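I have placed the structure first, in the form of structure tokens, so that the comments after it can refer back to it.
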Amino acid sequence: MVFLGISLGAFGAHGLADRLEATGRLDNWETATLYHLIHGLALFVIALLPGRPLGYFWFLAGIILFSGSLYALALTDVTKLGAITPLGGVSFLVGWARWIFHRNAS
């Protein structure tokens, strides 16, 4: 997941930079990449923890919904895709809550 985030970040910075700047969507791509990388790293940390992994499904869903919708918005300029983004944000929050509250309950 982190490999994909790094690849998409590099592709946006080098292969798509002119197009994203022309359409005013560079910020969308950068935000998608940032959240993708942060939560990809969280998935990596969860995988290293003993026991049942918590929050991984929600982080994965958040990457797909939040970052995926922003990547698609940046590429297509279909603004209706922005309606999906908050669902990804909620998924991230649920993932963090599951991880934090379970860790504190142990």
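General remarks:
- Boolean, Phe101 is in a helix (DSSP H, G or I) and either at pLDDT 95 or above or closer than 22 Å to Leu4 by Cβ (or both): no
- In the stretch 40-67, of all residues being touching a Gly at 6+ places or on another chain (Cβ under 6 Å) and not aliphatic (A, V, I, L, M), the one that is farthest from Lys80 (Cα to Cα) corresponds to Gly55.
- Elements of the type helices (runs of 4 or more DSSP H) sitting completely within the stretch 1-90 and holding at least 1 residues that are within 12 Å of the chain's Cα centre (by Cα) and crowded, with 16+ Cβ neighbours inside 10 Å: these cover 2-10, 26-48, 56-62, 68-76.
- Total residues in the stretch 42-74 satisfying the condition of being more than 16 Å from Ile100 (Cβ to Cβ) and modelled with pLDDT under 95: the figure is 4.
- Qualifying residues in the stretch 17-47 (those that are touching a residue at least 24 places away in the same chain (Cβ under 8 Å) and either aliphatic (A, V, I, L, M) or touching a strand residue (DSSP E or B) at 6+ places or on another chain (Cβ under 9 Å) (or both)) - the one farthest from Thr76 (Cα to Cα): Ile46
The values are calculated or read from the model by the stated rules, or taken from the named source; none is laboratory data. Worth saying up front: this structure is predicted, and the values here are computed from it rather than measured. Note that we place each Cβ from the backbone using ideal geometry, even for glycine, and neighbour counts take in every protein chain shown.
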